[in-house]
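Undergrad: The structure that follows is given in the form of structure tokens.
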Amino acid sequence: MTTYIERFPAEARVIRSTFFTAFIALGIGALFGLLQVLHRTDVHRLVDSADYYHILTIHGVLLALTFTIFFLAGVFTWGLTTSLDRGVVDVRFTWAWYGLMVGGTALAAIPMFGGLIDGIDMSAGVLFTFYAPLQAHPLFYLGLALFIIGTWLAGADWIWTYLAWRRENPDERIPLPTFMVLTTTLFWYLSSLGVAIAVVVFLLPWSLGLLEQVNPLLTRTLFWYFGHPVVYFWLMPTYMLWYVLLPKVAGGKLFSDPLARVVFVLFLLLSTPTGIHHQYLDPGIAEGFKFIAMTNTMFLLLPSLLTAFTVVASVEHGARQRGGTGYLGWLGALPWRDPVFTGMALAGLMFAAAGFSGMVNAGMNINYLVHNTFWIVGHFHLTVGTAVALTFMAVTYWLLPQITGKPIWSRSVGLAQVVTWFVGMTLMSNAMHRGGLSGVPRRTAEPQYENFDFTPAFGTMAELDAGVVIGGSLLFLSAVLFLGNVFVSLTGGKDLTSIPENAYAEALSGAEDGPLILDNLKLWLVIAVLLVVLTYALPIGAIIDRGGLLGPGGSPYPLVVESGRAISIGLGEVVA
Amino acid sequence: MNIHAYEKLWLAASLVLIVLFIGSVTYGAVGAGIAMVDDAEGVIDPDALDEDDRFADPRVEEVGENEYEVYVVAGQFFFDPGTFEPIEVPEHSQVTFYVTSPDVIHSFSIPGTNANTMVIPGEVASMTVEVGDPQEYGIVCNEFCGGGHHDMEGEFHVVPEDEFTLEADE
Amino acid sequence: MRISPGALLVLIAVSIPFIVQSRTVAAFIGLDMSVWQMIALGTVTISAIILWAVWPEKWLPGRPKLEEG
Ligand code: HEM
Ligand SMILES: [Cu+2]
Ligand SMILES: [Cu+2]
């Protein structure tokens, strides 16, 4: 029996650092989430409504980018080294990408937090989508660019290590976790290119005053070129954990290794050419392009549906190994006391519910009803906020002992924590979905208007507010329980004997059952690039053709406020 | 590769489901005639809206029998018309909104209905709706547009035929 | 106990989304269910689950164990 830290002490240190960075982001993000909930419902307003957007920017960036990506970088490093049974080629390089990611985050954080502090003349209240002409301080864009380059180097590290392994093992199949890391890395290179171009070529020079203006539709399209696929950057590591760890903690084996590979290849191929589905309501983009994005999005359902099957089948196998019987009776035989298992299972369950509301979003026509409403917030708190975040928290209860050598302080608190998250999210997300249906917008400090009231289809707004507040508070409590449990565990002593061996689930139908072509990553990458070119060349060309590369104008906000013009149109007040 | 029989069944069912989804959305978008916001309108210089005869004087205009066009400027943090005076149209008419922005990205959204579009500087969003019986609606901006975003609202009134007058006729 | 305490906890948790959505379903078929009615329904449901779970499997002494599905 060896734990990860015994086998790979140097890598374990890096993974610890990525996890701790992720947890700091989670803590701040959850606190700000609670502030948002209280502010929107007018229960308690700690900051001015104009500053609410700084809070929301920090919540979005820290949770959607920092927490998730730092954590998954650690998970990928674990999965790659474990399955190759080989350390990284040069751990100094591993520290380099970690350092770059931290440096980038810190730089971006300065103006993000600066906006909240009087006397600091820097701000980045542009939310995590930073649509131009809203303008942030240059440090925000610079930090973002460095962070993304850091993730690219992380990918290079994984590929480099894989190639070294390949030289040592010329004839072996790529182990499944490594296969998943590599497909995800290739996909990430392809999809993060969009945001990198938007930031480095347009927004950073523009914020420095080197460019006078940018094309808002173009930078927005480049953002969404990355903005939808980033969802899969969160989901693919989550799926990896469902494939390789969940069956293991359930006591069984993965149903089929080749099908898991098919799923990841499908993600590589289909995830990127879908981003325009976030722009169904944008003027300046032809309906045909929106239609293509819609079709691709629907096909992207396939890998998720296949995953649902394989994961449930693998868990059932585990239950039967543990002595479960009957049509449903086997469910009782699962290790429900184990927060690792239960957390992942509940996360998966919520993801199924999210699939339903996601289909509504993806339908171009129904989307008109819910676009940018609170419904959307309800939806992605089920996906990234639960399927991903809860899986990551649950898996921490398994991985933390592996990388520290210290057992979890309390598994019962862990169980309470994952269940609290599930219940809190049920309440918060339900109220958000319903609010959105009656038109309540997202990203709004005060969704209370002078001229009209929202009327839910049934029940009252007060009730929906209560749902959001109670749910949000439970979620915050859950985050505190999680971080507290991690913290107390870390203060404890090492006890390697009580920690299970570092391993992942074997497959009932192994890699040797799958055709070799599955492992031909170059082929899949070429097809993926072709698909992206096919779906994006025309719309991007059309946007540049219409508005010009640097766009038809619109002045930056808030750095330069040309109040004169706005007043001439008939507005008395310009809020700077 | 050996695929389990149940898995094949599941795969087939998934594909059928996906095709059904695409079919229903296509029907909804094309068949039922809900026009999408698209690239039908040309680009516009957001710094020179006052030189454009639609937006120099944003207004409601009658263009045919029971057909109206509404030109709206959505700026930080107002709709004109909409915020300073309600947009008014007569009941049971067909209304086309043209909305553009002089500054940042906004939205023009009538909560609780599917009248909802992004407003992007440089682009003109057009959207046609059929209005029914008299009713007062709100208008909100649901795309974050700056510190006063939550104050950006307006009113859209569908009024009885006999109470309707165009600004120009007053 | 028919099921483990862990399984019972999860079963209760999972019942909550169904209880919350029962209002949506009720509204869909034209029934008006207030929050309080929903909470009452939830209390009954959860109590029933707990009762079912803790009820001894061999509930009549001497009687053969019911065939479990
Ligand atoms: C304590 C738990 C949490 C609470 C109470 C919470 C609450 C909220 C609320 C109320 C909003 C909407 C604000 C608005 O639109 O005005 C929001 C937005 C958001 N949340 Fe959370 N959240 C939590 C956890 C998370 C987690 C774990 C993630 C992701 C890993 C996440 C990601 C986001 C994102 C990306 C946004 C959108 C930001 C934007 O619109 O720019 N949240 N959250
Ligand atoms: Cu606005
Ligand atoms: Cu706004």
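The values are calculated or read from the model by the stated rules, or taken from the named source; none is laboratory data. Note that the structure is a prediction, hence the values are computed from the model and not measured. Neighbour counts are summed over all protein chains in view; Cβ atoms, including those assigned to glycine, are modelled from backbone coordinates with ideal geometry. All accessible areas refer to the heavy atoms of the entire protein, side chains included, with ligands and DNA or RNA removed. Shrake-Rupley method; radii C 1.70, N 1.55, O 1.52, S 1.80 Å.
Undergrad: Nearest 100 Å² is fine: how much accessible area is buried between A and B, summed over both sides, with a 1.4 Å probe?
TA: Interface area, both chains combined: 6400 Å², rounded to the nearest 100.
Undergrad: Additional query: Can you give me the relative contact order of chain A as a percent, contacts being Cα pairs under 8 Å and 6 or more apart?
TA: 20 percent
Undergrad: Considering only DSSP states other than H, G, I, E and B, which chymotrypsin sites (Phe, Trp or Tyr not before Pro) in segment C:1-61 qualify as loop sites with at most 15 other Cβ atoms within 10 Å?
TA: Answer in residue order: C:W59.
Undergrad: If each of A:V91 and C:Q37 carries a label point 7 Å out from its Cα toward its Cβ, how far apart are those two points in nm?
TA: Spacing of the two 7 Å Cα→Cβ label points: 6.4 nm.
Undergrad: Could you work out the mean count of beta carbons from other protein chains within 10 Å of each residue's beta carbon in A:309-317?
TA: 2
Undergrad: Near the amide H of A:S509, under 5 Å away, which other amide H atoms are found, from residues 5 or more places off or on another chain, if H is placed in the peptide plane?
TA: Amide H neighbours of A:S509: A:S256, A:D257.
Undergrad: Still on this structure: With +1 assigned to the C-beta of every Lys and Arg and -1 to the C-beta of every Asp and Glu, and no other charges, what is the dipole magnitude of chain B about the Cα centre in debye, to the nearest 20?
TA: Dipole about the Cα centre, nearest 20: 1680 debye.
Undergrad: Take every residue in peptide A:45-56, count the Cβ atoms of other chains within 10 Å of its Cβ, and give the average of those counts.
TA: Taking the mean over all residues of the peptide, I get 2.
Undergrad: Tell me, what is the per residue accessible area of segment C:5-51 in Å², probe radius 1.4 Å?
TA: Ligands and nucleic acids excluded, the result is 59 Å² per residue.
Undergrad: Across peptide A:282-294, what mean number of C-beta atoms from other chains lies inside 10 Å of a residue's C-beta?
TA: Counting other chains' Cβ atoms within 10 Å and averaging over A:282-294 gives 6.
Undergrad: Taking amide H atoms as placed 1.01 Å from N in the peptide plane, list the residues 5 or more away in sequence, or in a different chain, whose amide H sits under 5 Å from that of B:Y98.
TA: Close amide H contacts, sequence-distant or interchain: B:V70, B:Y71, B:V72.
Undergrad: At 222 nm, what helix-only mean residue ellipticity would chain B give, in deg cm²/dmol to the nearest 500, using -39500 (n - 2.57) for each DSSP H run of four or more?
TA: So the helix-based figure for chain B works out to -4500 deg cm²/dmol.
Undergrad: What is the packing order of peptides A:542-548, A:275-281, B:85-91, taking the mean over residues of other C-beta atoms within 10 Å and listing the highest first?
TA: A:275-281, B:85-91, A:542-548
Undergrad: Still on this structure: Sorted by mean Cβ packing within 10 Å, highest first, what order do the peptides A:307-319, A:166-178 take?
TA: A:307-319, A:166-178
Undergrad: Taking the Cα centre of chain B as the origin and placing charges on Cβ (Lys, Arg +1; Asp, Glu -1), which of B:N66, B:V124, B:P134 is farthest toward the positive end of the dipole?
TA: The one lying farthest along the dipole's positive direction is B:V124.
Undergrad: Which residues, if any, in segment A:408-423 have at least 30 Å² less accessible area in the whole protein complex than in the isolated chain, probe 1.4 Å?
TA: Listed in order, they are A:V419, A:F422, A:V423.
Undergrad: Next question. Computed over the Cα atoms, what is the radius of gyration of segment C:5-51 divided by 2.2 N^0.38 Å, N being its residue count?
TA: 1.22
Undergrad: A further question on this structure: Kindly identify residues of segment B:128-164 having a loss of at least 20 Å² in accessible area between the isolated chain and the assembly of all protein chains, probe radius 1.4 Å.
TA: Those are B:G138, B:V140, B:N142, B:E143, B:F144, B:G147, B:H149, B:H150, B:E153, B:E155, which lose 20 Å² or more relative to the chain on its own.
Undergrad: Provide Rg over Rh for the protein assembly as shown; use the alpha carbon set for both Rg and the Kirkwood Rh (inverse mean inverse pair distance).
TA: Reported Rg/Rh, Kirkwood definition of Rh: 0.98.
Undergrad: In whole angstrom, note down how far apart the Cα centers of segment A:138-158 and segment B:83-160 are.
TA: Comparing the Cα centres of segment A:138-158 and segment B:83-160, I get a distance of 39 Å.
Undergrad: What is the set of long-range amide H partners of B:I139 at a cut-off below 5 Å, with H atoms built 1.01 Å from backbone N?
TA: The list, which skips near neighbours in sequence, is B:G154, B:E155, B:F156.
Undergrad: Still on this structure: P(r) for chain B: what percent of alpha-carbon pairs falls in each 5 Å bin, starting at zero?
TA: Per 5 Å bin, starting at 0, the Cα pair percentages come out as 2, 8, 15, 18, 16, 12, 8, 5, 4, 4, 3, 2, 2, 1, 0, 0.
Undergrad: Also: Assuming 0.36 nm per residue, please report the length gained on full extension of the stretch B:S24 to B:E62 beyond their Cα-Cα distance.
TA: My answer for the length gained is 10.2 nm.
Undergrad: I want the antiparallel fraction of DSSP beta bridges within segment B:46-169, as a percent rounded to 5.
TA: Close to 70 percent.
Undergrad: While we're looking at this one, here's another question. Could you tell me which of A:Q279, A:T21, A:L142 has its Cα farthest along the dipole of the protein assembly as shown towards the positive end, charges placed at Cβ (Lys, Arg +1; Asp, Glu -1), taken about the Cα centre?
TA: Of the candidates, A:T21 comes out farthest on the positive side.
Undergrad: If one takes the accessible area of chain C alone plus chain A alone and subtracts that of the pair, with a 1.4 Å probe, what total in Å², rounded to the nearest 100, results?
TA: 1400 Å²
Undergrad: What trypsin sites (Lys or Arg not before Pro) does segment A:419-511 have in DSSP loop regions with at most 16 other beta carbons within 10 Å?
TA: Here the trypsin sites (Lys or Arg not before Pro) that fit, given the DSSP loop and packing criteria, are A:K494.
Undergrad: When the accessible area of each residue in segment A:318-360 is compared between its chain alone and the complete protein assembly (1.4 Å probe; ligands, DNA and RNA ignored), which residues differ by at least 40 Å², being lower in the assembly?
TA: The answer is A:W336.
Undergrad: Accessible area per residue for segment A:15-164 in Å², computed with a 1.4 Å probe and the full protein assembly in place, what is it?
TA: Ligands and nucleic acids excluded, the result is 31 Å² per residue.
Undergrad: Considering only protein heavy atoms and a probe of 1.4 Å, how much of the accessible area of segment A:4-562 is carbon and sulfur, as a whole percent?
TA: That fraction is 67 percent.
Undergrad: In addition: State the Cα centre-to-centre distance between segment A:187-252 and segment A:328-344 in whole Å.
TA: Value for the Cα centre distance between the two parts: 34 Å.
Undergrad: How big is the charge dipole of chain A about its Cα centre, in debye rounded to the nearest 20, if each Lys and Arg gets +1 on its Cβ and each Asp and Glu gets -1 on its Cβ?
TA: 860 debye
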